[in-house]
Amino acid sequence: MENLLEKELKKWQSRAHRYASEGIFSEKVLNSPLFIKEQIASLDRISLKFNRLSEDDLIQMKLLKQERRNLEQILYPNALVRIIARIINSFKFQKEEARVSKSKQMVAQDVRTSMAKTGFGNSIAEAETKMKEGKEFSLPVSFYVNERDRMDFQLQFKKDEDQNFIFRQYKATLFNEQTKEKKEHFFKVEPGYMFNSEEAFHLLSERAVYISHPVNGWQALDFTDKDADGNYRVKSFPDQYSHFNLEEALLKLPFKDEAKLDLEDCKKRLQKGERVEFEVIIQNVSQIFSLQVNPQKKEIEVYNAANEKISPYELNPRKHIQNTKESQDQNKSQSQVQKSNRKNGHAIKS
């Protein structure tokens, strides 16, 4: 299998052949000093790309330098002129090398920033060590979310056209150690549009996450549909079309006061995809419930401790108090009727 340096050299070599074979330029133009200078500049750019060489690349790089010297001799037959040209070109090369080095540093910083934003900041040092080896790689990361669920990640590091490492996607797998069920999805890492590791867990747990780029709205995974690459289809619910207002939905909850919900904190956590737990006292008994967002139905779902979906109004303590009072009044009324019947029965008997 040919390596990246070999591909670049073949690309460089084929340019002149294509210009000649297809008659794009005349032989005179292809042998002109202008084109030879461009050929030399192309070789310089290739050598700058591959500043970390494997053993396979070393011999090709030596041949590249020899080819460059051959072109110099054609362009500058006079030895003195050739030396002067080399001195001038060395300054240009150093300037270009500094620019390329600065560009590589910026790209490396972009990788570090993307890893930190997606929740993999602890693996930055390991990734940098791998990048120094010069080959494309994937980095495994795993952690337990709770006693049964484990998240496994494969961070993928590729090279761009300038041979700079970029971090543009990761594979996330949610594995349940009790049921052995697993769900996996590739998440893109793009500026302004990326899900971090925590949000990836919530999405794979069949919950929705709110994003603000490219448009404001909720996103969820469709576990009934996959694309050609085996990824779940992403369902989007932009605010401008769904008209689902989370804050208004929270304010309408009939138990928000008794549950002592911090609505602003609850809103932020729900937008991240979390399931928010809370406590409600019903008939002097503490019970734990949880909330999560269903943007497709434009509602906040309520679940009990057994993970069963229930109606929000079942948690209204005032309703339970009212029902209890009505039940007590009904029992009291029935008791009075029975007492009256017994009294009337005694009177008749006497």
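By a 1.4 Å probe calculation restricted to protein chains, Ser21 has an accessible surface near 100 Å², given to the nearest 10. The C-alpha atoms of the chain define a longest principal axis, and helix 317-349 lies at about 20 degrees to it. How much accessible area does Ser90 have with a 1.4 Å probe, in Å² rounded to the nearest 10? Solvent-accessible area, nearest 10 Å²: 50 Å².
Would you mind working out the magnitude of the charge dipole of the chain relative to its Cα centre, with +1 at each Lys and Arg C-beta and -1 at each Asp and Glu C-beta, to the nearest 20 Debye? I would put it at about 260 debye. Mean projected area of the Cα convex hull of the stretch 154-196, taken over all directions, amounts to 3.7 nm². When the stretch 177-263 is described by a simple charge dipole with +1 on each Lys and Arg Cβ and -1 on each Asp and Glu Cβ, the residue from Gly230, Leu263, Gly192 located farthest towards its positive end is Gly230.
A Förster radius of 22 Å, combined with the Cβ-Cβ distance separating Leu263 from Ser205, puts the computed FRET efficiency at roughly 0.45.
Residue ranges 231-244, 300-313 sort as 231-244, 300-313 when ordered by packing (mean number of other C-beta atoms within 10 Å per residue, highest first). Accessible area of the stretch 205-311 with a 1.4 Å probe: how many percent of it is carbon plus sulfur? Exposed carbon and sulfur together represent 43 percent of the surface.
Helical runs assigned H by DSSP (4 residues or longer) give the chain a calculated mean residue ellipticity at 222 nm of -16000 deg cm²/dmol, each run adding -39500 (n - 2.57) before division by the residue total.
Projecting the Cα atoms of Ile46, Ser242, Ser103 onto the dipole axis of the chain, where Lys and Arg carry +1 and Asp and Glu carry -1 at the beta carbon, places Ser242 farthest toward the positive end. Heavy atoms of the protein chains alone define the surface here; on that basis the chain has 65 Å² accessible area per residue at 1.4 Å probe size.
Two numbers describe the Cα atoms of the stretch 50-189: Rg and Dmax, which are 22.5, 79 Å. How much of the accessible area of the stretch 110-199, probe 1.4 Å, is carbon plus sulfur, in whole percent? Carbon-and-sulfur percentage of accessible area, whole number: 45. Divided by 2.2 N^0.38 Å, where N counts the residues, the Cα radius of gyration of the chain comes to 1.71. Once both labels are positioned 7 Å from their Cα atoms along Cα-to-Cβ, the gap between Asn146 and Gln13 label points is 6.0 nm.
The values are calculated or read from the model by the stated rules, or taken from the named source; none is laboratory data. The shown structure was predicted, so the numbers you read here are calculated from the model rather than taken from an experiment. So basically every Cβ, Gly included, is an ideal-geometry build from the backbone, and we count neighbours across all protein chains shown. Remember, those area values only see protein heavy atoms, side chains included, never the ligands or the DNA or RNA. Shrake-Rupley method; radii C 1.70, N 1.55, O 1.52, S 1.80 Å.
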